[in-house]
Amino acid sequence: MKHRMGFNPLGMMSAHRKAMRRNMVTSLFRMERIRTTKAKALEIRRAAEKMITRAKNDTVHNRRIVSSRLFDEAIVAKLFTTIAPRMKERNGGYTRIIKLGERKGDAAEIVILELVDYKLDTGEKKKSKKDGAKSEDKSSDKSKEKSRTAKGK
């Protein structure tokens, strides 16, 4: 039992742990999906959810608090302008942990930490755009042929 333990020290010194947390939360907000160990994901989740809750109320005070924990101003802006409005209706539980299995070298449990509304790019849209472009090219070729034959008559 972890009585009176507020966090998992992760076997690191405090400065290393804070820097790791800051970097991983920044990566989570930048890519909206990261792959890491389960212990780290549980710690990152706590920090990320608190920041999203702060970002839902866009005030100068909340921006300054989040900026003190994230050093990338572009990510702070993305958090307040795109991520937090998507989570406006939710009362918590902004992240999801998906288990992948164990890492081969040290048997650490690997997970994917992602935002709940993350959409996986499947590539179907790309194919449909290409197909649409090809069909447009074919139709434009046919119309060109028709105009040529009409001029030739």
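The values are calculated or read from the model by the stated rules, or taken from the named source; none is laboratory data. Note that the structure is a prediction, hence the values are computed from the model and not measured. Every residue, glycine among them, receives a Cβ derived from its backbone with ideal geometry; neighbour counts consider all protein chains shown.
Output the number of the condition that GLY92 fails; it satisfies all remaining conditions of (1) surrounded by fewer than 18 Cβ atoms within 10 Å (Cβ to Cβ); (2) closer than 21 Å to MET20 by Cα; (3) of a type in the set (Gly, Ala, Ser).
That leaves (2) as the condition not met.
Which of (1) surrounded by 12 or more Cβ atoms within 10 Å (Cβ to Cβ); (2) free of Cβ contacts under 8 Å to residues at least 12 places away in the same chain; (3) assigned to a helix (DSSP H, G or I); (4) not small (Gly, Ala, Ser) does MET12 not meet, given it meets every other one?
Result: MET12 fails condition (3) only.
Restricting attention to segment 18-52, which residues are more than 22 Å from ILE98 (Cβ to Cβ) and either touching a residue at least 12 places away in the same chain (Cβ under 8 Å) or in contact with a Leu (Cβ under 6 Å, 6 or more places away or on another chain) (or both)?
Matches in segment 18-52: ARG22 only.
Can you tell me how many residues in segment 97-107 are at pLDDT 95 or above and surrounded by 10 or more Cβ atoms within 10 Å (Cβ to Cβ)?
5
So, ARG17, is that one outside any helix (DSSP H, G or I) and of a type in the set (D, E, K, R) or not?
Spelling it out, it is not the case that ARG17 is outside any helix (DSSP H, G or I) and of a type in the set (D, E, K, R).
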